[in-house]
Amino acid sequence: MHAIALFLLPLAVAICQDCDTEDVNLLNVHRDHHQPRHRTPSADTGGYVACTYNKTYGYPDGVVQVDPSSTGTPLSELDSRCSENSVAYVDDSEEASCILNSPGTYYDYGNWYASKACPYPAGATEYPTVTTQAQCETYYNNFVALGDNITINGTFYKLGIGHGPLKGVRGNCYFMEYESRYALIFQVDIRSWSFEFTYDTLQYIYNNQGDPGGTCLIPNVQIVDCADIPGMA
Ligand SMILES: *[C@@H]1O[C@H](CO)[C@@H](O)[C@H](O)[C@H]1NC(C)=O
Ligand SMILES: *[C@@H]1O[C@H](CO)[C@@H](O)[C@H](O)[C@H]1NC(C)=O
Ligand SMILES: *[C@@H]1O[C@H](CO)[C@@H](O)[C@H](O)[C@H]1NC(C)=O
């Protein structure tokens, strides 16, 4: 098990180096799922669900904001990590589970800025609201200005930026819960089974256990309207 974890580490890092690039990958080979599925509500805002991401959903039209290496089926590293750890997961032609992974410093705030987080003139997000590119940039800047953490309705959330879940696209905000620890993430990049976000936020969620490489840890997620976050609108 330990040898496998070490072996997989470079692969996880390599995936993140692709995070800026994406294209439409229609190679969705059908594969029967042999594990329980966690269907997501269509609007993606109906409460926490075990994290999955949609492999084919496009927004703006034709732009599938998924890591190109996360669109096919089967996804061998996801499958081997979850099988090795006997965790029920999803990997079919439409969607796959997202599992905690370390991005290193890639999602440190210093590496990001509004126009990089919001690259599409046609708009930034559809779930739960349509946002223009300008609104996305404003949201990004307001999010960064919130700082390290926020308490909303009595729940403490560590803040971060990174990948997206469900049908998320750049400009979405989402809550994450793992072992009763919570984060609020602004999606600045693609969707992927390799679920990556700001390193400090990962450490908070993962209880300072370092790099989750080799594990299959599926947090719960819920997309929220960025405008519902105090200080964002
Ligand atoms: C994923 O998105 C596609 C394209 O919008 C949609 O047809 C499909 O139902 C979605 N799958 C899931 C599981 O949400
Ligand atoms: C929350 O963030 C503030 C700064 O914005 C910091 O002083 C405080 O220590 C943080 N709280 C926790 C529990 O990390
Ligand atoms: C906080 O609670 C209020 C009142 O129940 C609710 O309307 C609001 O949506 C909650 N905010 C968030 C971000 O969940």
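Computed values, structure above
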| item | result |
| --- | --- |
| Lone unmet requirement of (1) open to solvent by 10 Å² or more (accessible area, probe 1.4 Å); (2) farther than 30 Å from P74 by Cβ; (3) free of Cβ contacts under 8 Å to residues at least 40 places away in the same chain for E179 | (2) |
| Per-region count, region 97-129, residues open to solvent by 20 Å² or more (accessible area, probe 1.4 Å), of a type in the set (V, I, T) and at pLDDT below 95 | 1 |
| Identity of the residue in region 76-90, without any contact (Cβ under 8 Å) to a residue 60 or more places away in the chain and assigned to a loop (DSSP other than H, G, I, E, B), that ends up surrounded by the most Cβ atoms within 10 Å (Cβ to Cβ) | V90 |
| Single match in Y199, Y204 (criterion: of a type outside the set (D, E), touching a Gly at 6+ places or on another chain (Cβ under 9 Å), within 22 Å of A117 (Cα to Cα) and modelled with pLDDT of 95 or more) | Y199 |
| Meets criteria (at pLDDT 95 or above, outside any strand (DSSP E or B) and either within 25 Å of G58 (Cβ to Cβ) or hydrophobic (A, V, I, L, M, F, W, C) (or both)) for I218 | yes |
| Where A124 falls short, out of the listed (1) within 16 Å of ligand 3 (Cβ to nearest atom); (2) in contact (Cβ under 8 Å) with a residue 40 or more places away in the chain | (1) |
| Yes/no for A183 being small (G, A, S) and modelled with pLDDT under 95 | no |
| Any pair with Cβ under 7 angstrom, 6 or more apart, that starts in region 91-117 at a residue that is among the hydrophobic types (A, V, I, L, M, F, W, C) and ends at one that is open to solvent by 50 Å² or more (accessible area, probe 1.4 Å) | A114/E137; A114/N141 |
| Matching residues in region 130-166 - criterion: being of a type in the set (G, A, S) and open to solvent by less than 50 Å² (accessible area, probe 1.4 Å) | G147, G160, G162, G164 |
| Matching residues, region 167-190, being over 21 Å from T56 (Cα atoms), among the hydroxyl-bearing types (S, T, Y) and within 15 Å of ligand 3 (Cβ to nearest atom) | Y182 |
| Failed item, numbered, when G164 is tested on (1) touching a residue at least 12 places away in the same chain (Cβ under 8 Å); (2) within 16 Å of ligand 3 (Cβ to nearest atom) | (2) |
| Pair list, Cβ < 9 Å and 6+ apart or interchain, from region 141-153 residues that are farther than 20 Å from A117 by Cα to residues that are among the hydroxyl-bearing types (S, T, Y) and more than 16 Å from ligand 1 (Cβ to nearest atom) | I150/Y157; T151/Y157 |
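The values are calculated or read from the model by the stated rules, or taken from the named source; none is laboratory data. Since the structure is predicted, the reported quantities are computational estimates derived from the model, not experimental observations. Every residue, glycine among them, receives a Cβ derived from its backbone with ideal geometry; neighbour counts consider all protein chains shown. These accessible areas exclude ligands, DNA and RNA; they are computed on the full protein's heavy atoms, side chains included. Shrake-Rupley method; radii C 1.70, N 1.55, O 1.52, S 1.80 Å.
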